[in-house]
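Here is the structure we will look at, set down as structure tokens.
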Amino acid sequence: MTQKEWKEKWQMKATEEVLEKFKSGQEMHAKHPKDLMEAVAALPLQPRANNNNNNNNKNNTRENNTNMLSDVCCEDIEGEEVCVTRDTVDGTVHEGFYDYISFGIITVSDRAFNGVYEDISGNVVMRETIETYFKTNDRDDSINSTEIIRGYKLVPDEIDEIAKAISYMSDELKCDVVLTTGGTGLAKRDVTPEATKSVLTREVKGIAESLRAHARRYERHAALSRAVAGLRNDQSLIVNLPGRPNAVSSSLAVLLPMLPHAVRQMKS
């Protein structure tokens, strides 16, 4: 059956009841900032593979839609600013392309917790990388370190302690992003993923998959990571990172650029 035949046989005009249901849920439809839509629209359209020579001209012509954004779930945000406004710890307001994003850092390690060694991954590498990245890219110079890193905790490899720390960062400190480091492997004491899942309300599997895919380029054992990511009450994005300092640094290089858009979506 051709498309035209199918439409003639099956396609019907939406009833008033169906249209009303559609309109009532429009605020939940996925949206993209106007600058993103314009940037994607500026990209050259890649011709689709097609053996039919009659369609070549059509494939090389720019259409209203693009190959990168779906016209089903993605729409422009007319008249809306690129970034939302965020209240800081002291009540002031910051605006800018990179937005004000607050972080909570949780290091999961029995040995670091017991003082066997210093927490380099969380309290040094993660903290310094985040502060440097957002201070460099944010146009508002008034943002200081205490506003970017809102909380830090060092906990042992215990499910209850990890879950309690994540909940505290999200519910009490209102951190936009909570990052954990350590406890994502296959050892018996590696329980960070289990603790994280226990406090998530929705998983965001693509983040963990992206970090593993990136790590596989440099680390042959990257696939053994059980790290997870997800949302807690649509208020905080929780992401598990590896335990080794160099792996943390490598993961942040992939994660940090996607956070402004992720937080905007989560908060919208």
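Couple of notes before you dig in:
- Net charge of neighbours whose Cβ lies under 15 Å from the Cβ of residue 15, counting Lys and Arg as +1 and Asp and Glu as -1: 0
- Within segment 86-267, the ratio Rg/Rh, alpha carbon atoms throughout and Rh by Kirkwood, equals 0.94.
- Normalised by the number of residues in segment 201-268, the mean separation of alpha-carbon contacts (under 8 Å, six or more apart) gives a relative contact order of 33 percent.
- Candidates 228, 107, 156 compared by Cα position along the dipole of segment 86-267: farthest toward the positive end lies 228, with charges placed on Cβ.
- Amide H within-cut-off set for residue 153, under 5 Å, with H built and near neighbours excluded: 105, 106, 107
- Using the Cβ of residue 238 as centre and a radius below 11 Å, the other residues enclosed give a net charge of +1, where K and R count +1 and D and E count -1.
- The lysines within cross-link reach of residue 135, meaning a Cα-to-Cα straight distance under 23 Å and a gap of 8 or more places when in the same chain, are 153, 174, 267.
Quick note: the coordinates plus some simple rules give every number you see, no bench work behind them. Bear in mind the structure is a predicted one, so any value in this text is a computation, not a measurement. Virtual Cβ from ideal backbone geometry, glycine too; neighbours counted across all protein chains shown.
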